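The values are calculated or read from the model by the stated rules, or taken from the named source; none is laboratory data. Bear in mind that the values here come from a model prediction, so they are computed numbers and not experimental data. Cβ sites come from the backbone with ideal geometry, for glycine too, and all protein chains shown count toward neighbours.
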């Protein structure tokens, strides 16, 4: 059963939230962060992308950069740009994109739940990325950025959230750049907090939607602190890490697409001929074609779009991994025809989040940077949860969640 608890969040005063908040550290590079933070000393990028305070080209993994993160975090608190709440509480974080609002509960999740598999994963992590985030957690002694969880739909929690969100929020703004609305409410009533804790305790699992490296790093640092503390009893703050938990039914996974630098020595016509062995190939002309169902793909090559529909017998409906479109396309197109290796490492392929639209795929091919593009129908939340429940791991670059969580609305310290 899932263990969560309220916590004393560290947050910006209401008047400063738009100055402090930022996009997550891993959705932009150092130059983009430097540009977004220009002229704003309160930007959270000074904590989550502190290389922007060094000369251009400074390695973001330089020990001085991590030390700068901690110094900036301390300065933000000294200046009153971040202030810790007086009591433990839960928070509600709402995001609105394209008219759809999803409501997440900001909680502290239990480190042991991650280690024991109650918090379920669907992606592999890389050791170097884990270590980077672990260093960031260690040096700040805090979870500066939340992870993104899903939980099974729960009517009682829906009703509680609806009651709070009918009132005026603590924060309410539209972020520059993406144009998405972000709102925050505080749950500080003792009975309501107890109800949240009790409902999560009934859940057999929570699911990492986005932030596998942050989840791993937060849990591993918590476990590390427990081992290092000779007086460890189990209720210390480091036994928990910050997560925003959304009802699975409110979440939408969007497409995550591929662009490839070459055709493995084939001409476009030879590629299409090979594809016809396992796919029904239909020319769609020069107008952008978007996949319309599971097992239907969109190919862009040589200035033209094609519909590819996997033939029956090329996948196994009873295999939770084999039935995924990302598996079908990886095996039958990227590996067998184009000769690509490990998709997490192969330099011939790149991945494009669906938030950029299929026009971005066309642009990258038309520019000559890439030779072909492949668009996939998005995975469903049910598929994600089924795979996590069976202990399986999705292939690389399968899921793309949008909108991304904004960072800096709430921070969790690992010690009071």
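Descriptive notes on the structure:
- Checked against the criteria, residue 352 counts as outside any loop (DSSP other than H, G, I, E, B), in contact with a helix residue (DSSP H, G or I) (Cβ under 6 Å, 6 or more places away or on another chain) and either touching a residue at least 60 places away in the same chain (Cβ under 8 Å) or exposed (fewer than 14 other Cβ atoms within 10 Å of the Cβ) (or both).
- Flag set for residue 201, criterion: over 21 Å from residue 413 (Cα atoms), exposed (fewer than 13 other Cβ atoms within 10 Å of the Cβ) and within 26 Å of the chain's Cα centre (by Cα).
- Residue within the range 8-23 that is in contact with a strand residue (DSSP E or B) (Cβ under 7 Å, 6 or more places away or on another chain) and either loosely packed, with under 14 Cβ neighbours inside 10 Å or not assigned by TED's automatic domain parsing to the domain that holds residue 167 (or both) present: yes
- Selection count, the range 405-416, where residues are modelled with pLDDT under 90 and under 30 Å from residue 181 (Cβ atoms): 0
- Cβ-Cβ under 8 Å pairs, at least 6 apart or on other chains, the range 224-243 side in contact (Cβ under 8 Å) with a residue 40 or more places away in the chain and assigned by TED's automatic domain parsing to the domain that holds residue 9, far side in a loop (DSSP other than H, G, I, E, B) and surrounded by fewer than 10 Cβ atoms within 10 Å (Cβ to Cβ): 226/234; 236/415; 237/415; 237/416; 238/415
- Qualifying residue in the range 124-139 (condition: in contact with a strand residue (DSSP E or B) (Cβ under 7 Å, 6 or more places away or on another chain) and over 22 Å from residue 384 (Cα atoms)): yes
- Criterion (in contact with a helix residue (DSSP H, G or I) (Cβ under 9 Å, 6 or more places away or on another chain), touching a residue at least 24 places away in the same chain (Cβ under 8 Å) and more than 20 Å from residue 140 (Cα to Cα)) met by exactly one of 3, 27: 3
- Residue match in the range 381-388 (condition: in contact with a helix residue (DSSP H, G or I) (Cβ under 7 Å, 6 or more places away or on another chain) and under 28 Å from residue 105 (Cα atoms)): yes
- Residue 68 vs. criteria out of contact with any strand residue (DSSP E or B) (no Cβ under 9 Å at 6 or more places or on another chain), in contact (Cβ under 8 Å) with a residue 12 or more places away in the chain and either surrounded by fewer than 22 Cβ atoms within 10 Å (Cβ to Cβ) or more than 30 Å from residue 388 (Cβ to Cβ) (or both): yes
- Residue within the range 41-48 that is at pLDDT 95 or above, surrounded by fewer than 17 Cβ atoms within 10 Å (Cβ to Cβ) and under 23 Å from residue 165 (Cα atoms) present: no
- Residue 128 satisfies every condition listed in (1) exposed (fewer than 15 other Cβ atoms within 10 Å of the Cβ); (2) farther than 30 Å from residue 28 by Cβ except (2).
- Of all residues making up the range 347-373, the number that are under 22 Å from the mean Cα position of the chain (by Cα) and at negative phi: 11
- Residue within the range 388-404 that is in a loop (DSSP other than H, G, I, E, B), at pLDDT 95 or above and not assigned by TED's automatic domain parsing to the domain that holds residue 85 present: no
- Check on residue 322, farther than 19 Å from residue 263 by Cβ, surrounded by fewer than 21 Cβ atoms within 10 Å (Cβ to Cβ), over 23 Å from the mean Cα position of the chain (by Cα) and free of Cβ contacts under 8 Å to residues at least 40 places away in the same chain: yes
Yes/no matrix, rows are residues, columns are (1) modelled with pLDDT under 95; (2) in contact with a strand residue (DSSP E or B) (Cβ under 8 Å, 6 or more places away or on another chain); (3) surrounded by fewer than 20 Cβ atoms within 10 Å (Cβ to Cβ):
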{"residue": "156", "(1), (2), (3)": "no, no, yes"}
{"residue": "167", "(1), (2), (3)": "no, yes, yes"}
{"residue": "182", "(1), (2), (3)": "no, yes, no"}
{"residue": "188", "(1), (2), (3)": "no, yes, yes"}
{"residue": "195", "(1), (2), (3)": "no, no, yes"}
{"residue": "206", "(1), (2), (3)": "no, yes, no"}
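- Odd one out for residue 243, checked against (1) over 13 Å from the mean Cα position of the chain (by Cα); (2) on the phi < 0 side of the Ramachandran plot: (1)
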